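Engineer: Let me give you the structure first, and then I'll get to my questions.
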Amino acid sequence: FPYPFCHADNKHNKMNLRSQRAVTFIEILVVVGILSGVITAVYTVLAVGNRAWITHHHKLALEREARWALFAMVKDLREAKGIIITKDSETVAIRFRKPQVGIISFIFMKNGEGAHTIIREANTRKRIIARDITDLSLDYTDNRALGIAIIAEKKIFKGETINFRLREKITLRK
């Protein structure tokens, strides 16, 4: 016979068929359960990794923009003359004269148009140098040094924010 379990003897044929194993419905359910657990675990790992990557990406962008703003301010303020700082509950501004450039201002507003940005204004040209800024503080206690502190904050996910703080003390040139 072409099949190994088929014999002319009917008694042996029944025994061999019973000894063959078939996949039962319970075994299929167990395999499906295990595979769904593995797939869920892989998806969870990928979702957590993706969220961490997005958070890190936004934090780096926030840090880069805050550092760039601080760098721009320090560059202009090193040669500043006639510094005037104005502060109120909504606005912080610093105005000064830079030799061979003219009057320069840096303005930060907490509310309204241009809120949470630092704007550089020079010769009637305005340019946003940083976004997502929540606070700017300036400390000008003597005529030789100026302290700057920037706090940047950004909401990236529902209920999750990232923040970054920078401080710099500038020694002014004479």
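Laboratory data are not the source of any read-out in this text; all were calculated from the coordinates shown. Computed from a predicted structure; not experimentally measured. A quick note on method: Cβ atoms are made from the backbone with ideal geometry, for glycine too, and the neighbour counts reach across all protein chains shown.
Engineer: Can you give the charge dipole size of the chain about its Cα centre, rounded to the nearest 20 debye, using +1 on the beta carbon of Lys and Arg and -1 on the beta carbon of Asp and Glu?
Structural biologist: 580
Engineer: So what is the calculated 222 nm ellipticity per residue for the chain, using -39500 (n - 2.57) for each DSSP H run with n of 4 or more, over all residues, to the nearest 500 deg cm²/dmol?
Structural biologist: After summing the helix terms and dividing by residue count, I get -13000 deg cm²/dmol.
Engineer: Within region 101-139, list the trypsin sites (Lys or Arg not before Pro) lying in a DSSP loop whose Cβ has at most 15 other Cβ atoms in a 10 Å radius.
Structural biologist: Lys110
Engineer: I'm spelling it out carefully: the read-out is P(r) over Cα pairs in 10 Å bins from 0, in percent, the candidates are [x] 8, 23, 21, 17, 13, 10, 5, 1, 0; [y] 8, 25, 19, 10, 7, 6, 6, 5, 5, 5, 3, 0; [z] 8, 22, 16, 10, 16, 19, 8, 0, and one was derived from this structure. Which label?
Structural biologist: Here the calculated entry is [y].
Engineer: Now for a separate question. Between Glu160 and Trp53, 0.36 nm times their residue separation minus their Cα-Cα distance comes to what?
Structural biologist: Stretched fully, the Glu160-Trp53 segment lengthens by 37.1 nm.
Engineer: Give me the angle, in degrees from 0 to 90, between the Cα long axis of helix 25-77 and the longest principal axis of the Cα atoms of the chain, rounded to the nearest 10.
Structural biologist: Relative to the chain, helix 25-77 is tipped by roughly 10 degrees.
Engineer: Between the helical axis of 10-19 and the dominant principal axis of the chain, each derived from Cα atoms, what acute angle in degrees is found, rounded to the nearest 10?
Structural biologist: 20
Engineer: A further question follows. Quick one: which residues, 5 or more positions from Asp132 or on another chain, have an amide H under 5 Å from its amide H? H modelled 1.01 Å from N in the peptide plane, none for Pro or chain starts.
Structural biologist: For Asp132, no residues qualify.
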